């Protein structure tokens, strides 16, 4: 059972804030729901006194920060220590800047990885903002850059962004088109 515990921990880690349903875990691991629930209950007990907790919200399981540590996590986000942007943040920010308005799903298609947490971090740093909702099914949130973004990168407006290289493929295409 230890191997399955490790697999479920890995799945929970990779899905991040979106979480994963019991049925999805069962499908991936090819075990029945009762087997998975037993492991999940053991994991909840294992993590209950640690810095993270395993919770179920909206029928999805995910790891969250233990509420007793929330003040420290907030200090981290508000401190100047983590003021620089990671490579992931810069990639996400570039996609938003060049393709705005853009949805989370469109960003994830371009990056190939989940970006929900990155979007929250960039919003917390006031580098991006919600521009409204898409008219497509689901009415996804549209993201764009802020004046803070322009200020940080010393741009007067978005037109000052460097032009992306073009590639020949029977026609010229931009890197993000």
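Every number in this text was worked out from the coordinates using simple rules, so none of it is lab data. Please read these numbers as outputs of a predicted model, since none were measured by experiment. Because the Cβ atoms are built from the backbone with ideal geometry, glycine has one as well, and the counts that use them run over all protein chains shown.
Ordering 143, 72 by the number of other Cβ atoms within 10 Å of each residue's own Cβ, fewest first, gives 72, 143. Of the labelled figures [x] 15.8, 46; [y] 19.9, 59; [z] 17.6, 52, only one reflects Rg and Dmax of the Cα atoms in Å as derived from the coordinates, namely [y]. Among 46, 152, sorting on how many other beta-carbon atoms sit within 10 Å of each Cβ, with the fewest leading, yields 46, 152. For the Cα trace of segment 84-156, dividing Rg by the Kirkwood Rh returns an Rg/Rh value of 0.95.
When 85, 76 are arranged by Cβ crowding within 10 Å, least crowded first, meaning fewest neighbours, the order is 76, 85. Relative to one another, the C-alpha centroids of segment 70-146 and segment 14-51 are positioned 27 Å apart. Using only Cα atoms, tell me the angle between helix 33-47 and the longest principal axis of the chain; keep it within 0 to 90° and round to the nearest 10. Its long axis makes an angle of about 80 degrees. For segment 2-68, the gyration tensor built on C-alpha atoms gives a prolate shape. Its axis ratio a/c (a ≥ b ≥ c) is at least 1.5, and a/b is the larger of a/b and b/c.
When the chain is treated as a GNM with alpha-carbon contacts under 10 Å, the residue of 161, 142, 122 showing the greatest mean-square fluctuation is 161.
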